[in-house]
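Reviewing the structure listed below.
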Amino acid sequence: MSRITVTLPGRAGLQVDEDKAAAPAVVPPEELPLPPPLSGQNSTSFAYVTVRDRLPVILTRVIDAVFRDRMKIEEQLGPEAREETKAVAGRLAKLRNEMVTNKPLLPIEDHFDDAAVWNEVLQKHTKDPSSPAAVTYFYRRIYEAFQLTTKLRDYDPFRRPKQESLHQYFKAVCELCDFVRKNTYPDAALETLKQSTYRLVEVSLWGNRCDLSLSGGAKVSGLSASAHDTERLRTFILSNHGDRLWQHLCRLRELNLAGEPQQLHCVMDNAGYELVTDLALLDFLYETGYVDSVTLHIKAIPWYVSDVTRRDLFWTLREMQDCNHESTEELSKRCQRRINEGSWSVMDDVFWTQPFDYAEMATKRPDLYAVLQSADLLLFKGDLNYRKLVGDLDWDPTVSFKHALRGFEPTFLCALRTIKADTVAGLDRVIVDRVQQQSPDWMVTGNHKCERQEPPILPEGYCQQCTSCDTS
């Protein structure tokens, strides 16, 4: 299984798989030799730092948001809802105390669709409150605090920071949309299409640095679609198989233009600027004939602060249409029209927020696995999706990406990720040694990329673009 791996500032990864699998044919993960799970007991690990430092701050901000919105909540939902805000704040304060005092993980008490699934997993696994899995669990507990009410079940405690994140980067949004407008020509020369594709893939990859669960809302510098910025940032790629992705896209375009419709599925990550970079890439690939249909896979519930939900997607499209910037309005209208007409579809599924690696999808959710098998190209965005692709396991960074997937090969897949958590696969040993020497915490700062062709000049972080290309 050949593969493209690119790591960009903010530690990112891209993985692609060239040939569609006709059947699940998944090698059971237990039959493969695996490294031990990552431990949250290490004080420098992503999970430890997140549970100790980041999540208590996030919980405090959620409590503040509920308190700040209490009057508006009462106006819209009545006095009972305002009383429920107090109960929510109390539950979140209790959760914060559980985290900082290292209490065991408690069962989920609400009646949302996945509660039984979560509790079954909690019974079978160790209840280590500082493990990587515990980070996901705590976000599910935040959602639980609202599900235990009657009036606030649809309240998104992360709505405001997600919306502010879009406004914060609106200049970069407009510049990106201008680029898309000037370069989207189906009859352009192949080399021109190639350069535009590379540019938009890298902009989408770098957009993954805008993760509110890590940045806390602090503005990330160096985000634009300009040739200067993309060329400058390209020097920080640790491992780049982008040419293989381009070769696969060329095959898709040839088939698509010959009358054999090609499908692109994208498992999304963050709202805000990153969402716009993803829409720009998908719009370009659709408009220039690479694919005939696009499916966006998004979160069913508010998640990891900035993860995109259906409400976020359509709010973003409305904001873009009302921004008084022509190319931004045009991109939004095209996306909205395709969704309305059905050539683009939006799927939200609770599996994306459940405590399972994607290697388990074929057995846990064969229906969803079959949906992904229907794709001719499958994009995964972001660090959490990458972690679920390779598992929260202590991989040697040089192990092949195919091996780290542990049998998850529904189709040609590509993962774009800025590296923020301490698991990675598919890197060259020389590059790993060099990066480790220059930046010992390179796996958790979210600032690096990888490129195989040449040694990297290290920025403040890395990312990764990886492809998995062979399902045989």
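All of the numbers you see were taken from the coordinates with simple rules; none came from a lab. Just so you know, these numbers come straight off a predicted model, no measurement behind them. With ideal geometry, Cβ positions are generated from the backbone for all residues, glycine too; neighbour counts draw on all protein chains shown.
Note down, for the stretch 46-160, the three equivalent ellipsoid semi-axes (square root of 5 times each alpha carbon gyration tensor eigenvalue), biggest first, whole angstrom.
On the way: eigenvalues 132, 54, 21 Å².
In descending order the semi-axes read 26, 16, 10 Å.
Can you list residues whose amide H is under 5 Å from L393's amide H, if they're 5+ apart or on another chain and H is modeled 1.01 Å from N?
Hits under the 5 Å cutoff: L38.
Run the numbers for A87 and K194: contour at 0.36 nm per residue of separation, minus the present Cα-Cα distance, in nm.
Values: separation 107, 0.36 × 107 = 38.52 nm, distance 5.44 nm.
The A87-K194 span can extend by a further 33.1 nm.
Sequence-distant or interchain residues sharing an amide H contact under 5 Å with C414, placed H: which?
Counting only residues 5 or more places away or on other chains, the set is Q15, D17, L378, L379, F380.
So, in nm, how far is label K182 from label K94 when the simple model puts each one 7 Å beyond its Cα toward the Cβ?
5.7
Any idea what the dipole of the stretch 316-443 comes to, in debye rounded to 20, about its Cα centre with Lys/Arg Cβ at +1 and Asp/Glu Cβ at -1?
Charge dipole, the stretch 316-443, about its Cα centre: 180 debye, nearest 20.
Projected onto the charge dipole of the stretch 46-160 (+1 at Lys/Arg Cβ, -1 at Asp/Glu Cβ, origin at the Cα centre), which of P79, L148, A89 gives the Cα projection farthest towards the positive end?
The listed residue farthest towards the positive side: A89.
Just check the stretch 299-400 against the gyration tensor rule for me: Cα atoms, a ≥ b ≥ c as the square roots of the eigenvalues, rounded for a/c under 1.5, and otherwise prolate or oblate depending on whether a/b exceeds b/c. Could you put the intermediate results ahead of the total?
On the way: a/c = 2.23, a/b = 1.85, b/c = 1.20.
Prolate, because a/c is 1.5 or more and a/b exceeds b/c.
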